[in-house]
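The structure appears below as structure tokens.
Rule-based calculations on the coordinates, nothing more; no lab input. Please read these numbers as outputs of a predicted model, since none were measured by experiment. Ideal geometry is used to build each Cβ from the backbone, glycine not excepted, and the neighbour counts take in all protein chains shown.
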Amino acid sequence: MEDPDSTGQLPSPSIQGKASAQVLKLPLSLGHPHRSTNKHGLDRNELGKNGLGNEVRSKAKPNLWYALYLPQLDQLPESQQKTYLNQLAGLMQDVSSTVSFHPQALICEIRSSLKYFSGIDNIHRKLSEAISEKLQQWQLPEQFSYAASPTISGSLLLARSGHNRLVYRQENLRSALGELSVEVLDLNKEQHRRLYNMGVRHLRDIWRLPSSSLRKRFGSHFVDLLNKALGKAPEPTHNYLPPPAFTTSYELPYELESLDRLLPIADELIAQLCDFLTQRDLSTSHMVFSLLHEKRSATEINLGLRIASRNNEQLMLLLETHFSKLLIPAPVIAVKLKVKKFDAFFGQSESLLVGGRPSGSNSGSSNALDQFMDQLQARLGSERLKNICSVAEHCPEYASQRQNYHQQNKTAMSKQVALNPRPLWLLAQPQQLRVNKGRLYHRSNISILSGPERIESRWWTGEDIRRDYYVAEESNGCRLWIYRERRGERNWYLHGLFS
């Protein structure tokens, strides 16, 4: 095989069908076959004569970036493109630990993987099979182009050209890129028009122009792109980070019927989870602890938290509360812990004063209340704990409703329904007040403080409500919420009590 470093760049056949084009291997040793050379392709005797051994040994090999370009994604919505690229990035992680995102393209570093996969042939074969299968599953054209070079932008430009070219050495990258058409550059119509009017058809025509004039006419981004492609400027990477996932299990050496004997094992599994969350600066608000049986379906315990946490003691206390009211249908042979939802971690600030707390801070009491509600929900059940929320309704009887405590209130209004004072305690049935010589009586005389607030509503339901509400006060100082009907006998009623 001819040495690719001596030829600069070698074109590979275009990919047709399922992208089965052959890619040239990167040679493990370079230089003349009949001379004693080291791994850098230099004569060992010459290294001893000119004293360049230390310099060569200290020089690290440049990266080799493999670019995968899928032009068919351009016809899809941006959100769909992102979803597909994330799935393909997961496949590329099988051959590289560094995967970078670009428009309709993915780029990964493969220099460090060449020896493990025995050459770039096997890397390309592994990727092409998996990617073609995904494209077929998405009902997209199975054609794609690829390229490899020492720079990220250079590989991307080569892949956009569709020539499937491989450039191993950076000094040969300028001539390889110079043959490409300016169409591979991500430019707008005005910039393309200017290049065309200047007679620029290929990138080699741009090399002849002064960079200062290019920067004035096309901007710094255009010049920086060319410098990045040639390796003259650093390139940041937008690396792919796979979504976190945690699942752990433990097979018991013998069957257990007592849940108390499972607590040490559960403590160990939750400790592993807390270590996992701490290393990634995450927390969790929903996980499932499963008890596996021999010939029955697994018993699942859903551990839900109002506030995400990664505290070992808190999670164990919540699990023990579930164990206290759980009856298992069969002996347990294994346990499994799986996280359903990951959340960002928000730490609590401690007081700077010993034994004190910052003024105006209620984070500690709020956190204690959340933990108490989680324990209460685990003991009573998720359907027994209710929450009261406001509804966009003028009539007081219908202005609030109950829902399960763990559910998000989707009908609650972010703004106040009414700006007038409302009592917290409404009577289940309004109580009619006595009127004696023009004075209102409840347990004692009632004096009106403010009002009226007129409410007319619910006529469309057949229940026509017409009332004038007042804030009143008894002689003992108790404040009442009363109303008078605006039709019929126009009686007075007590509807609520202020705290």
Net dipole in debye of the stretch 425-497 [+1 Lys, Arg Cβ; -1 Asp, Glu Cβ; about Cα centre; nearest 20]: 220 debye
Qualifying aspartates and glutamates (Cα of each under 13 Å from Cα of LYS232; at least 8 residues distant if same chain): GLU171, ASP224
Relative packing of peptides 305-312, 187-194 - highest average C-beta neighbours within 10 Å first: 305-312, 187-194
Rounded to whole Hz, the Karplus (6.51, -1.76, 1.60) HN-Hα couplings of the stretch 485-499, x for glycine and proline: 5, 9, 8, x, 7, 6, 7, 9, 9, 8, 10, x, 10, 7, 6
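What ranking do 83-89, 164-170, 112-118 get when scored by the average of other Cβ atoms within 10 Å per residue, highest first? If you can, show how the numbers build up before the last one.
Working: 83-89: 18.1, 164-170: 21.9, 112-118: 13.7.
Highest mean packing first, the order is 164-170, 83-89, 112-118.
Pulled fully out, how much extra length does the chain show between SER297 and SER324, if you take 0.36 nm times their separation in residues and subtract their Cα-Cα distance?
Extra length from SER297 to SER324 when fully extended: 7.7 nm.
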³J(HN,Hα), Karplus 6.51/-1.76/1.60, whole Hz, each residue of the stretch 161-178, x for Gly, Pro: 6, x, 8, 6, 9, 10, 10, 8, 10, 5, 5, 9, 6, 5, 5, 5, 6, x
Whichever aspartates and glutamates have a C-alpha closer than 20 Å to that of LYS336, once near sequence neighbours (fewer than 8 apart) are set aside: GLU251, GLU255, GLU257, ASP260, ASP267, GLU268, ASP275, GLU294, GLU300, GLU313, GLU320
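Where does each of 288-301, 133-146 land if you order them by average Cβ count within 10 Å, highest first? Before the final figure, lay out the partial values.
Details: 288-301: 14.9, 133-146: 16.6.
The densest-packed peptide leads the list: 133-146, 288-301.
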Between the stretch 61-91 and the stretch 428-499, the Cα center-to-center distance that results, in Å: 68 Å
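Students often get this wrong, so check it: of LYS82/LYS134; LYS295/LYS341; LYS295/LYS340, which have C-alpha atoms separated by over 22 Å?
Exceeds cut-off: LYS295/LYS341; LYS295/LYS340.
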Karplus 3J(HN,Hα) series, Hz, for the stretch 338-345 with 6.51 cos²θ - 1.76 cosθ + 1.60 (x for Gly, Pro): 9, 8, 8, 9, 9, 10, 5, 8
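Contact order normalised by length for the stretch 75-199, with contacts defined as Cα pairs under 8 Å and 6 or more residues apart; what percent is it?
Numbers: 103 pairs, mean separation 17.5, N = 125.
Result for the stretch 75-199 is 14 percent.
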